[in-house]
Structures are given as C-alpha cells and as structure tokens.
Amino acid sequence: MLHKTLFAAALLVSSAAQAQTVPAPGPTPAPAGQADPQQQGELVVDVVGGVSAPLGIAIPVMPTAEVANTPAGRTDVLGEQLAQIVSTDLRNSGLFKPLEAGLKPVPYPEVTAPTFDYWGPAGASALVQGFIRANNDGTLTVGCYLYDVSSRAELARQGFVVAPGDWRRAGHKCADMIYSKLTGEGPYFDSRVVYVSETGPKGKRIKRLALMDQDGGNHSFLTNGQAIALTPRFSPDQRSIVYMSYLDDRPAIYVYDVASKRQRLLVPNTNLTFAPRVSPDGRWVLFSMAVAGNTDVYRVPLAGGTPQRLTDSPGIDTGGTYSPDGSRIVFESDRSGTQQLYVMNADGSQQQRISFGSGRYATPVWSPRGDLIAFTKLAGSFRIGVMSPSGANEKLLTDGAQDEGPSWSPNGRVLMFFRSTGGGSGRADLWSVDLTGVNVRRIPTLLDGSDPAWGPLRP
C-alpha cells in the first residue's frame, strides 16, 4: 500500500546509525490534500520485466537553501552530484528510466510541494526531489522525497545527517529507499565490493586487494601488490576480509583488519590453504586445504584455532559457502569424475550431489535470500548460472566466453562476476547481471579487476 512515512534521519558517520530529528525544507502538504492511495492503486515496478519496461522517473538537481563551502565541496555542486548518484543507481538496476533532459530547476521550498502538472507531461511516473544543507557543526543534511506523479501523492521520505566524507552514502541510501518502495525488493546500493585489482602483462600480473562502493566510487587499495592476493571475502560485520596471499612465497589464508589495515595468518601450517569464506554468524571460516595430495573442505574459527575437516572423499573438494542461516554448505567436488555441486550440513553430514547437467560446475555461492545458488558453468565456455538448492530450475544468465566467480548483491537480486578478455591477454573486468539475465553491464574499476565479493549493506 502507498503511504506516507516519517522523515527519519540516519547518522552515517559511525558504524551504528542514530536517529535524528530533521526539519523539512518547507511546508509539507497536508494529508487531506493528497489523493487516497487505496483508491488510486499502487505505483510499482515489475522486477521480472527487467529493462523491457523501465519506469520513467524524474530526479532533478537537489537544491540548497544557501550555498556553502564544505570539505566535500559547495552545497549547490553536491546537490547536482547527489541527484546524479540516485539517477545512476536506479538506471543501473535496469528497472528505471531517469529523464535525461528538460528537468526544470526545483526551488528549495518546492521540494515538499511538487508541481505535478509539469512532471506528468514530461514523462515521469515517479518523482524524486530532495535538498542538501550545511549544518553549523560541520555535517550535512540530505533530504529525499518520493512522489507518485499520477496520484499526486507522497510515497516516502527520508533524511540523513552525514559527515562530509560520507555524502555519497546519502545518495545511495536515497536510491535504496526509492528502489525498495517501488519494487518491494530489499535495498543494495549502499554497499561495497572487495575485489582483486590487476595490472601488468600475462604471467606477471600484479594482483592486490581493492575496495570500492558498488558503483565504483570511493576506490582504495588494501594491499601493495608485492604479494599476489586472491579470493577476498567480507566477514558479515565488514570489519575483516579473508583472502589468500602468496606472502613470503607461501600461499596461505590471511585475515585483513579493515580499520587497522593489518593482516594475520589464519592457518599456520605448511599445507596449501585457499578459498576462504566466512560463516553468516561471523564465527567460522570455511576453506580448502590440500594434505598428502587430497583436498578437502575445512572450517576454523575466524579468531584462529585448530581446523576441523568436513569432507573426506578422494579427489578435490573446495569452494564451500554457507546458506544464509548457516545450517548448510554448498561446495564443489570432482568425486564423481567431473566438477559438480554438492550440499551438506554445516557439520559435514548428509553430503549429496545437486548438479546433473552437461558440463562442469564451479564457484557455488548461496543467495542471501536462500532460494538460489549461483555458480560458474564450464561447458565449452564459462557462464554464470543459478539453480535452486535442490538442483532444480537451472538457468544460465550470461553468454560471455569466460564469465566466472559470481557474488550476490545484499538483496539477492543481482550478481557481480568477472569476465576475462579473449586473446590470451590475461585481462579481466567486473560485470553484473540481474536474475532476468537481461540487464548485463560492466562495473567501472580503476584497473583490471577479478574475483569480486559483494559485501552486505553498510550499517
């Protein structure tokens, strides 16, 4: 049902959001003057149709009551950039078509009193208006309002008080509010991705950990490239990243502390350890270890300790990831003669094969919603696919020559993966695809990129 929500402010400058009371920029239209949403019907977006029927939406520049200089820039410039972030996020979802031209300037008092007669003929079914204001304590206030143009009703409003360095997050959170309200899906724009940044010729690639927002913004390097870094994965609280490194010329699993920028060896032994994944409760790290020519799936406390062996079949068992509730694990094994997908309980019991199609299967990862498992399908080419946890309803989403390493968005609707370039150059780029398989797009990165890991929503 369409309804008017309270104007809440989330303080984004700390790990825990704190509510704030934020005044609106001008008078809010009285509820009595709005159309009855129950009579008008709901404005919704078809999440199945993908780009076939995107919703027209207007996102004009967010005005400021008074232009002020801030550490992040002038507030009038930030208003333009915030509108662009919201527009880009929604366009990239494949479900919205932001109006590109002819957007009239919105005066500050008009943010809460839209001129609906203008936006309807302009082609907008939905309208996003907002504002930005510099506060005396050095923070910024960003307001975001969503309207149904046809019913002339306010659908939602939200506000954020942010440190200047977090202004982009306010844009992503505004886009998340709009996306969730109009689709009924969970948010995912205010999230980050850790991946392997690559440069150099094939055979001498420099591979280091890099961190960025899901849209490629706020990019930073975590390791210096002196040792090859592979397969990074977030812990649920995003305070740690587990990964494989060739530090000291010995491949092993390390834990990187995001705040201190320090790393520690997780499993101190002489065996090859790789493919780490953290459990949903943050207690365990799944990983693979090769002992005497046999590779199995193990688990070890994230804090460190003695590894526990979960599989014991001849051959190679690897690539384990947990279900969202932590009760089961999906992994890959060649125990049947070819790489296939298997599931088991978290303690290693009741192992059973779930993939039976032609070709081989690798890099399985459970959806945050628990309803699907994504994988790489190796059958002539490498493609990204999904299936149910039982192995039913297999569907391939991409058709590139070499697409691999899927990772789920926080809401379980989009997958990020990497696509290797043909011709043996060794180069790769990050891409994403939604569950329709229609909206496929390249993710901007500073250098070449591989093996992305999409983190949870930021706190």
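The values are calculated or read from the model by the stated rules, or taken from the named source; none is laboratory data. In this text the structure is predicted, and so the values were computed from the model without any measurement. For neighbour counting, all protein chains shown are included, and Cβ atoms are generated from backbone atoms with ideal geometry for every residue, glycine included. These accessible areas exclude ligands, DNA and RNA; they are computed on the full protein's heavy atoms, side chains included. Shrake-Rupley method; radii C 1.70, N 1.55, O 1.52, S 1.80 Å.
Data table
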quantity	calculated
Order of exposure, largest accessible area first, which applies to S333, S349 with probe 1.4 Å	S349, S333
The stretch 93-246 - charge dipole about Cα centre, Lys and Arg +1 at Cβ, Asp and Glu -1, debye rounded to 20	760 debye
DSSP beta bridge pairing in the stretch 208-326, given as percent antiparallel to the nearest 5	95 percent
Heavy-atom surface of the chain, accessible at 1.4 Å and reported per residue (Å²)	41 Å²
Of G282, W119, V196, farthest towards positive along the dipole that unit charges on Lys, Arg, Asp, Glu beta carbons give the chain	V196
Of all accessible heavy-atom area on the stretch 275-381, the percent that carbon and sulfur account for (1.4 Å)	49 percent
Accessible surface of the stretch 384-451 [probe 1.4 Å, protein heavy atoms]: carbon and sulfur percent	50 percent
Rounded to 10°, Cα long-axis angle of helix 75-92 versus longest principal axis of the chain	50 degrees
DSSP-defined antiparallel bridges as percent of all bridges, the chain, nearest 5	90 percent
√(5λ) per eigenvalue of the Cα gyration tensor, the stretch 246-295, largest first, Å	21, 16, 7
The chain: angle of helix 167-183 to the longest principal axis, Cα-based, in degrees nearest 10	90 degrees
Gap separating the Cα centres of the stretch 158-227 and the stretch 87-140, nearest whole Å	23 Å
Relative contact order of the chain, pairs being alpha-carbon contacts under 8 Å that are 6 or more residues apart, as %	11 percent
Where GluC sites (Glu not before Pro) fall in DSSP loop in the stretch 62-102, at most 11 other Cβ within 10 Å	E66, E100
